[in-house]
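None of the figures in this text is laboratory data; all of them are computed from the coordinates on show. It should be emphasised that the depicted structure is a prediction, and the values quoted were computed from it without experimental measurement. Cβ atoms come from the backbone with ideal geometry, glycine included; neighbour counts cover every protein chain shown.
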Amino acid sequence: MKILVAVATRHGATREIAEHLATSLGSALTDAGVAPEVEVRDVGLVTTLDGFDAVVLGSARYLGRWLEPARTFAESFSAELRGLPVWLFSSGPVGEEPEPEDQAAVDDLVRRLGAREHRVFGGRIDRQALRFPERLVVTALHVKDGDFRDWPSIRAWGYKIGATLAAAAVAGSTS
Ligand SMILES: Cc1cc2nc3c(=O)[nH]c(=O)nc-3n(C[C@H](O)[C@H](O)[C@H](O)COP(=O)(O)O)c2cc1C
């Protein structure tokens, strides 16, 4: 079973989430006796979804929105994505933040793609890695440096996706 974990990141935190999801997803498939082939790719480098059996798509959130390459990916491949099992995730919250502005946009994407679920995972702020304008924004919002990624829940979600796909594959092969 071939699964794509497509990710949009600016500073790498979301890519690491994608990599952990891919590992757990692969473990669930292996545990269920299904051979896994899980690829993590930046959204901008994906040219086709041919051959993939499922897609997990995630983006970092900046100023209340998914990154533009993730939005473009979802739009460009919407027809193919509608025909596949799809899961979405966002990475962002870095402390006490108001409800993101893009919630309605992501809810709409879930509906349009027929995605199984959308999860939000905490993100990471490392001022050293930020560009000057970004540093101004996080300072203005009183956001402190920190890593808010909850690895156990990230891994658990990846495993759950893998188990769901494995169950469908096993049911398909016996029916
Ligand atoms: C300038 C700036 C704006 C941000 N805006 C948001 C936001 O609106 N909502 C949110 O949840 N997180 C926001 N974040 C937090 C990032 O999404 C978080 O740091 C994430 O882990 C970054 O992922 P990346 O390293 O993959 O780019 C912001 C971070 C920066 C630096």
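Kindly provide the helix-only [θ] at 222 nm of the chain, computed as the sum of -39,500 (n - 2.57) over DSSP H runs of four or more divided by all residues, to the nearest 500 deg cm²/dmol? The partial results should precede the final answer.
Working: 6 runs with 77 residues, N = 175.
Only helices count here, giving -14000 deg cm²/dmol.
Taking H placed 1.01 Å from N in the peptide plane, check which residues at least 5 places from residue 124 or on another chain put their amide H under 5 Å from its amide H.
148
At most 14 other Cβ atoms within 10 Å and a DSSP loop assignment: could you name the GluC sites (Glu not before Pro) in region 61-151 that fit?
Working: sites: 75, 80, 96, 101, 117, 134; in loops: 96, 101.
Hits after loop and neighbour filter: 96, 101.
Sort out for me the Cα centre separation of region 116-168 from region 1-36, rounded to whole Å.
Using only Cα atoms, the two centres lie 15 Å from each other.
Counting residues in the chain as N, plug N into 2.2 N^0.38 Å and put the Cα Rg over that result. Mind dumping the intermediate values first?
Numbers: Rg = 16.5 Å, N = 175, 2.2 N^0.38 = 15.7 Å.
Cα-based Rg divided by the globular estimate yields 1.05.
For helix 151-174, report the angle its Cα long axis makes with the longest principal axis of the Cα atoms of the chain; keep it between 0 and 90° and round to the nearest 10°.
So the inclination is approximately 20 degrees.
Based only on other Cβ atoms within 10 Å, what is the fewest-to-most ordering of 2, 160, 144? It would help to have the intermediate numbers written out before the result.
Details: 2 13, 160 16, 144 10.
The most exposed by this proxy come first: 144, 2, 160.
Taking amide H positions as placed 1.01 Å from N in the peptide plane, with prolines and chain starts having none, which residues 5 or more places from residue 117, or on another chain, fall under 5 Å of its amide H?
Long-range HN contacts for residue 117: 88.
Compute the angle between helix 13-31 and the longest alpha-carbon principal axis of the chain, please, reported from 0 to 90 degrees and rounded to the nearest 10.
20 degrees
Compare the Cα positions of 163, 38, 63 along the charge dipole of region 2-174 (+1 at Cβ of Lys, Arg; -1 at Cβ of Asp, Glu; about the Cα centre) and return the one farthest towards the positive end.
Most positive-ward Cα: 63.
Taking the Cα atoms only, what angle lies between the long axis of helix 103-113 and the longest principal axis of the chain, rounded to 10 degrees?
20 degrees
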